[in-house]
1. Restricting attention to segment 253-268, which residues are more than 12 Å from PRO223 (Cβ to Cβ) and in a loop (DSSP other than H, G, I, E, B)?
2. Please find, within segment 31-55, the residue that is farthest from GLU77 (Cα to Cα) out of those that are in a loop (DSSP other than H, G, I, E, B) and in contact (Cβ under 8 Å) with a residue 40 or more places away in the chain.
3. Considering only residues that are in contact with a Lys or Arg (Cβ under 8 Å, 6 or more places away or on another chain) and assigned to a loop (DSSP other than H, G, I, E, B), which ones fall in segment 56-109?
4. Hey, can you tell me all the residues within segment 149-161 that are of a type outside the set (Lys, Arg), touching a residue at least 40 places away in the same chain (Cβ under 8 Å) and either more than 24 Å from GLY39 (Cβ to Cβ) or open to solvent by 30 Å² or more (accessible area, probe 1.4 Å) (or both)?
5. Test ALA53 against the stated conditions and say whether it is closer than 26 Å to MET146 by Cα and either touching a Pro at 6+ places or on another chain (Cβ under 6 Å) or among the aliphatic types (A, V, I, L, M) (or both).
6. Could you list, in sequence order, all residues of segment 231-248 that are within 33 Å of the chain's Cα centre (by Cα), of a type outside the set (Gly, Ala, Ser), surrounded by 13 or more Cβ atoms within 10 Å (Cβ to Cβ) and on the phi < 0 side of the Ramachandran plot?
7. What are the residue pairs meeting all of these: first residue in segment 184-213, first residue at pLDDT 85 or above, second residue open to solvent by 90 Å² or more (accessible area, probe 1.4 Å) and in a loop (DSSP other than H, G, I, E, B), Cβ atoms under 7 Å, and 6 or more apart or on different chains?
8. Here are some residues: GLU77, GLU41. Which one is surrounded by 11 or more Cβ atoms within 10 Å (Cβ to Cβ), within 23 Å of the chain's Cα centre (by Cα) and within 22 Å of GLY114 (Cβ to Cβ)?
Amino acid sequence: MTKYITRYGAMRLLGLFTLENEAYPLFHGTKVIIRTSRGQETGTVLCEATESALENLPKNMEEGRITRVMSQDDELEARRINASSKDDFSRAAAVIRRMGISMDLVRVERIFGGERVIVYYVAEGRIDFRELVRVLASEFQTRIEMKQIGVRDETKLVADIGDCGREVCCNSYLTAMPPVSMRMAKLQKATLDPTKISGRCGRLKCCLRYEYDVYNELSAIMPPVGKLVQTPDGPGRVVSQELLAKSLLVELPDRSRKMFLLDDITSCGPPDKEPDKE
């Protein structure tokens, strides 16, 4: 039996699913019907679950089985469910307003097999939604699962295009939200204007994390600002670093400043020491 890494659900979850009928292999992009802990769902095969593929993925992925490749009837049913999502949202929102519950409804996901409806919402603190679940179950005539999410997951569900002009990373390929800090922005000399380094979720952009390791490695081998160095033009003091270019802006004894490649200079003194003037 062959296992495949498959993406499924509104939250673009990843799972490890077994194909029991191996009459033919599955390839990237194949639409399939899978059985998860939530019920029968639609999914998209990403690749075969080889050792190299699993090395870069979470260890606690859901496991299940691939029931079949999606048929034309399955595709029609999936389109029907997707088309009804706006109506499902409106019905759930109306119930929440009527009951006066302080929560922001984000999305209503109806599972393909009809086993349950998942209600994603944002709220401050915990909410007693037992009565709401009872009313929604009556409204949708199926099991209701309430899922409280944060602002980054909210963006994952509803965002489309980022400032770069491409689909937001959290809604396309990211398997987990990477930790991002202002230190990463400062090291990469990104603007510190919150409006320019914040994503659709209002938090620091995930892409600030992508090149951070490279910047960190280069920073470790570059003389710091203030370091006295020897250049082809004589001694000088490091004024700034250009990490990706592996070059340094150096102030020479005559107060002129010049850019030098890292390979052309050597460290020769402690930080904050002024170079000798001739």
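1. PRO253, ASP254, ARG255, SER256
2. Applying the filter and picking the extreme gives ALA49.
3. Residues satisfying the conditions are MET70, SER84.
4. Step one: of segment 149-161, the residues of a type outside the set (Lys, Arg) are 149-151, 153-155, 157-161.
Now narrow it down to the ones that are touching a residue at least 40 places away in the same chain (Cβ under 8 Å): 149, 151, 153-155, 157-159.
Of everything in segment 149-161, those that are of a type outside the set (Lys, Arg), touching a residue at least 40 places away in the same chain (Cβ under 8 Å) and either more than 24 Å from GLY39 (Cβ to Cβ) or open to solvent by 30 Å² or more (accessible area, probe 1.4 Å) (or both) turn out to be VAL151, ASP153, GLU154, THR155, VAL158, ALA159.
5. Details: closer than 26 Å to MET146 by Cα: no; either touching a Pro at 6+ places or on another chain (Cβ under 6 Å) or among the aliphatic types (A, V, I, L, M) (or both): yes.
Spelling it out, it is not the case that ALA53 is closer than 26 Å to MET146 by Cα and either touching a Pro at 6+ places or on another chain (Cβ under 6 Å) or among the aliphatic types (A, V, I, L, M) (or both).
6. Listed by number, the residues that qualify are GLN241, GLU242, LEU243.
7. Within 7 Å, the pairs are GLN188/GLU211.
8. Every option except GLU41 fails the conditions.
The values are calculated or read from the model by the stated rules, or taken from the named source; none is laboratory data. Remember, predicted model here, so these are calculated numbers, not experimental data. Because the Cβ atoms are built from the backbone with ideal geometry, glycine has one as well, and the counts that use them run over all protein chains shown. The accessibility values were calculated without ligands, DNA or RNA, using every heavy atom of the protein model including side chains. Shrake-Rupley method; radii C 1.70, N 1.55, O 1.52, S 1.80 Å.
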